[in-house]
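The values are calculated or read from the model by the stated rules, or taken from the named source; none is laboratory data. The structure presented is a predicted model; accordingly, all values stated were derived computationally and were not measured. Methodologically, a virtual Cβ is constructed for each residue, glycine included, from the backbone with ideal geometry; neighbour enumeration extends over all protein chains shown.
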């Protein structure tokens with residue numbers, strides 16, 4: 001990462017760019033980004049991926065572009081078969097399938 005060639009951000013500002021996940025109302029915490037820099041995450045291809053950053057005067061600095069590359073690397077592409085259904089829809093589908101199977105068997 002080159003700070004001169006990309007839009008540099010401190011971790012607090014970079015964390016605000018990540019939308020709230022898992023039903024939370026808050027964006028990511030800067031410590032999460034620090035963990036992504038130091039330890040990384042397992043990417044979609046199974047390889048460990050770290051968020052690109054530099055240490056500048058004791059503070060990590062990343063960029064909007066580095067964050068985008070990192071999120072792209074860890075994202076699992078959504079496919080019709082991979083998309084998670086809401087729990088009620090899954091239960092409803094399972095019940096329908098069981099009823100059809102019971103009717104087919106004459107039960």
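Regarding residue 10, is this residue surrounded by 13 or more Cβ atoms within 10 Å (Cβ to Cβ), out of contact with any helix residue (DSSP H, G or I) (no Cβ under 6 Å at 6 or more places or on another chain), at negative phi and at pLDDT 75 or above? Don't jump to the end; show me each part of the working.
On the way: surrounded by 13 or more Cβ atoms within 10 Å (Cβ to Cβ): yes; out of contact with any helix residue (DSSP H, G or I) (no Cβ under 6 Å at 6 or more places or on another chain): yes; at negative phi: yes; at pLDDT 75 or above: yes.
Yes.
Looking only at region 51-68, filter to residues that are without any contact (Cβ under 8 Å) to a residue 40 or more places away in the chain and surrounded by fewer than 16 Cβ atoms within 10 Å (Cβ to Cβ); which one of those is nearest to residue 7 (Cα to Cα)?
Taking region 51-68 as the starting set, the residues that turn out to be without any contact (Cβ under 8 Å) to a residue 40 or more places away in the chain are 51, 55, 57-58, 68.
From what is left, the residues that are surrounded by fewer than 16 Cβ atoms within 10 Å (Cβ to Cβ) are 55, 57-58, 68.
Values: 55: 15, 57: 18, 58: 19, 68: 12 Å.
Going through the qualifying residues, I end up with 68.
Of the residues 40, 46, which single one is surrounded by 12 or more Cβ atoms within 10 Å (Cβ to Cβ), out of contact with any helix residue (DSSP H, G or I) (no Cβ under 6 Å at 6 or more places or on another chain) and within 18 Å of residue 74 (Cα to Cα)? So that I can check it myself, show each step before the final result.
Details: 46 fails: surrounded by 12 or more Cβ atoms within 10 Å (Cβ to Cβ).
Every option except 40 fails the conditions.
Report whether or not residue 80 is more than 12 Å from the chain's Cα centre (by Cα), within 23 Å of residue 18 (Cα to Cα), modelled with pLDDT under 80 and loosely packed, with under 10 Cβ neighbours inside 10 Å. Give the steps one after another, and end with the answer.
Numbers: more than 12 Å from the chain's Cα centre (by Cα): yes; within 23 Å of residue 18 (Cα to Cα): no; modelled with pLDDT under 80: yes; loosely packed, with under 10 Cβ neighbours inside 10 Å: yes.
Considered against the rule, which asks whether it is more than 12 Å from the chain's Cα centre (by Cα), within 23 Å of residue 18 (Cα to Cα), modelled with pLDDT under 80 and loosely packed, with under 10 Cβ neighbours inside 10 Å, residue 80 comes out as no.
Please state which one of 68, 96, 63, 57 is at pLDDT 75 or above and on the phi > 0 side of the Ramachandran plot. Give the steps one after another, and end with the answer.
Working: 68 fails: on the phi > 0 side of the Ramachandran plot; 96 fails: on the phi > 0 side of the Ramachandran plot; 63 fails: on the phi > 0 side of the Ramachandran plot.
Of 68, 96, 63, 57, the one residue that is at pLDDT 75 or above and on the phi > 0 side of the Ramachandran plot is 57.
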